[in-house]
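Note sheet for the following structure.
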Amino acid sequence: MEHTLGRSWFWGRYSALGFWTVLITLVLDQAHKWWMILGVGMKEGERFSAMPFLDIVYVKNTGISYSMFDSAAFEWQLSLAGFAALVSAALWIWLARSGTGKLMALSLALIIGGAIGNGIDRILLGGVADFFLLHGFGFSWYVFNIADIAIVAGVAGLLYDSLWPSRNDDTKST
């Protein structure tokens with residue numbers, strides 16, 4: 001049976017781009033985290049200055065954004081990892097079924113790769129490993145990682161894509 005517009009539930013026009021973006025995001029995120037933990041040997045709470053506005057600090061976030069709903073219980077970490085997997089699957093189906101352009105595919109894939117990377121941390125480390133702390137003028141932002149950067153970039157890309165629908169390949173008149 002032919003699927004709508006030749007697309008399946010799990011593979012569409014931009015799925016290859018999405019797959020490689022997820023894979024690259026996931027590998028960069030996990031390689032950095034494990035390099036910091038095993039290669040550099042950073043211990044939780046350890047901190048050093050990398051630049052006048054950037055410190056490297058190993059913090060394990062056992063909650064969600066900004067450590068809300070914080071719990072180190074393995075069951076909680078497993079449930080958050082499961083939620084990340086469920087959301088990632090839903091975003092992948094969105095990408096495969098209705099991806100309207102490269103920007104949307106890249107954005108969704110960045111979010112998926114970041115969510116999976118943080119989910120892996122929850123299972124293997126008991127929380128998300130964060131390392132980057134931006135600060136300046138007496139103000140400190142939250143500690144984050146490469147997966148978080150990918151998620152924020154993906155959300156920004158989706159917002160940009162939604163504000164300019166004429167940029168979507170499928171909405172252009174022929």
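Where a number appears in this text, it was derived from the coordinates with a stated rule and is not lab data. Just so you know, these numbers come straight off a predicted model, no measurement behind them. Cβ: placed from backbone, ideal geometry, glycine included. Neighbour counts: every protein chain shown.
Divide, for the chain, the radius of gyration over alpha carbons by 2.2 N^0.38 Å, where N is the residue count. Can you show the working numbers first?
Details: Rg = 18.1 Å, N = 174, 2.2 N^0.38 = 15.6 Å.
For the chain, the normalised Cα radius of gyration is 1.16.
Our estimate of slack between residue 50 and residue 74, defined as 0.36 nm per intervening residue step minus the Cα-Cα distance, is 5.4 nm. Using every Cα-Cα pair within the stretch 83-124, state what percent have a distance larger than 14 Å. Tail of P(r) above 14 Å: 45 percent of Cα pairs. 3J(HN,Hα) couplings calculated from phi for the stretch 118-123 with the Karplus curve 6.51 cos²θ - 1.76 cosθ + 1.60 (θ = phi - 60°) are, in sequence order, 5, x, 4, 4, 4, 6 Hz; Gly and Pro show x.
Between residue 43 and residue 155, what's the calculated FRET efficiency when r is the beta-carbon distance and R0 is 25 Å? Round to 0.05. Let's see the in-between values first.
Details: r = 32 Å, r/R0 = 1.26.
For residue 43 and residue 155, the calculated efficiency is 0.20.
Note on the chain: GNM, Cα springs under 10 Å; of 141, 20, 11, the largest mean-square fluctuation is that of 141.
For a test of understanding, tell me how many lysine pairs in the chain have Cα atoms under 27 Å apart, given they are 8 or more places apart or on different chains. Taking the chain as the scope, the lysine pair count is 4.
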